[in-house]
Amino acid sequence: MQARSQVLRYFPDDGPAAAEAARRLLAATLAHPLVRAAMLGCVGVLCAFLAWKATDNQLTQTLFGLDPHDSIRRFLAGTQARPFAYRVFTPALIDLAQNVLHIPDLARAGPGFLARKVPLICARYGTGRESSCNNIIAYFFVGWWLYLGFLLTMFALAHRLFRGSIALGAATVYLAFALVNAIILRHLSHTYDWGTLLFGALFLWCLLAQRPVLFTLLMPIAALNKETAVLYALAFLFANIERLPLRRTLLLFVLQVASFMVVYGGERLYFASNPGTWMEIHLRGQIYLFTEHINLALLFGLLVAVVLAFYRFPDKHPVLRAACIMIPPWAVLFLIGAEPREIRDTFEILPLLVLMAMQSLVALVSGQIGVGRGARA
């Protein structure tokens, strides 16, 4: 006690006032433009590194490029089986990167660390595989940019949700990466997965930022990536039915659905002669899995995920609550069309679940849900 008194002698203002002054100093420091710029730069570097790591894991830790259903060679030749043939957005970017930008040749002539990566990729995906070395190198370039866009969009979403907090934005980025990485480490990932994540995040950003026209323009592009993008039209309808004039909301909703039907209908006609079917049915296998083979670890994990995402649901951001309308139809499609244990199909709704989980974590730690600008817009 005597030693503590001697120390306090040098800090006469020690107490609540000093603590408040320290908090204000910290807040002022973090709010300084140079400090914020440095923090944003660090977030950008983090996103770039995590995008590289995720794409590398996708190529080296999964069956990517080895599954005939996900053959880049077949995508580029237009001979892919249906319904996978309909998912042409990422293959089109791969074709651009490989045959127009000549990314594989540039990579081989690039810096040392990049040039050394090429033989490793070629050794993993050699001659006779479903996707050639050049296919995979071109995809690495495309996939890195798509995943980087996904992480940056998740940061922008969290930055808006959590009152401009860069720290919570970075935490959201890492949570998104960790969940995606955990899923792909179950050894299954497809060419269009990163595009699915990116468009889901972009749709949510358009809803939060109130960009209805941009949302509508994104719909046909997202439909080229995967047909389940149309589920976000429901999110648009429920999020804007009270924010926008009803006539405008309905008009844009109809345009979104119509653009999806044009794209999807055109793809079905174009690829009508390809092998396969318009939709694979796995309902029997799913029922067998959930009735006979679900274990306590999987059940516990599902319960934790659901509780974390929906904790204090009435306090969630109104847009996130409205977007949850697409979860029931997604669940039905998942049970019918996803292979048993194919949890990568959660990528359609993963950006939404990550944001809701982050709001729950903020609430658990601070007691406040942490909704930022535009909560009631």
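Laboratory data are not the source of any read-out in this text; all were calculated from the coordinates shown. Note that this is a predicted model, so its numbers are computed, not measured. Quick reminder, even Gly has a Cβ in these numbers, built from the backbone with ideal geometry, and neighbours come from all protein chains shown.
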Practice task
Kindly put HIS102, HIS317, HIS69 in sequence by how many other C-beta atoms sit within 10 Å of each C-beta, fewest to most.
Solution key: HIS102, HIS69, HIS317
Handout entry: Charge tally in the Cβ shell below 13 Å around ASN274, where Lys, Arg are +1 and Asp, Glu are -1, ASN274 excluded
Key = +3
Fill in the blank from the handout: For 307-314, 209-216, ranked highest to lowest by mean beta-carbon neighbours within 10 Å, the order is 209-216, 307-314
Problem - Ordering of 351-364, 73-86 by burial proxy (mean other Cβ atoms within 10 Å per residue, highest first) - result: 351-364, 73-86
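Report the full-extension gain for the segment ILE241 to ALA77: residue separation times 0.36 nm, less the Cα-Cα distance, to one decimal in nm. List each step's numbers first, then the result.
Numbers: separation 164, 0.36 × 164 = 59.04 nm, distance 4.29 nm.
Extending this stretch completely gives an extra 54.7 nm.
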Completion exercise
Ordering 151-158, 162-169 by per-residue average of other C-beta atoms within 10 angstrom, highest first, gives 151-158, 162-169
Problem - Residue order, fewest to most surrounding Cβ atoms within 10 angstrom, among THR346, THR196, THR228, THR277 - result: THR277, THR346, THR228, THR196
Practice task
Assuming a ≥ b ≥ c are the square roots of the Cα gyration tensor eigenvalues, decide whether segment 42-281 counts as rounded (a/c under 1.5), prolate (otherwise, with a/b larger than b/c) or oblate.
Solution key: oblate
Handout entry: Amide H partners (placed H, <5 Å) of ARG82, local residues excluded
Key = GLY276, THR277
Handout entry: Spin-label model distance (nm) - HIS187 vs ALA17, 7 Å beyond Cα toward Cβ
Key = 6.6 nm
Handout entry: Neighbourhood net charge (12 Å Cβ-Cβ; Lys/Arg +1, Asp/Glu -1) for GLN80
Key = 0
Exercise for the section: Please work out the FRET efficiency for the pair VAL365 and ALA305, using the Cβ-Cβ distance as r and a Förster radius of 22 Å; give the result to the nearest 0.05. Expected result: 0.75
Exercise for the section: Subtracting the Cα-Cα distance from 0.36 nm times the residue separation, let me have the gained length for ALA178 to LEU214 in nm, one decimal. Expected result: 10.1 nm
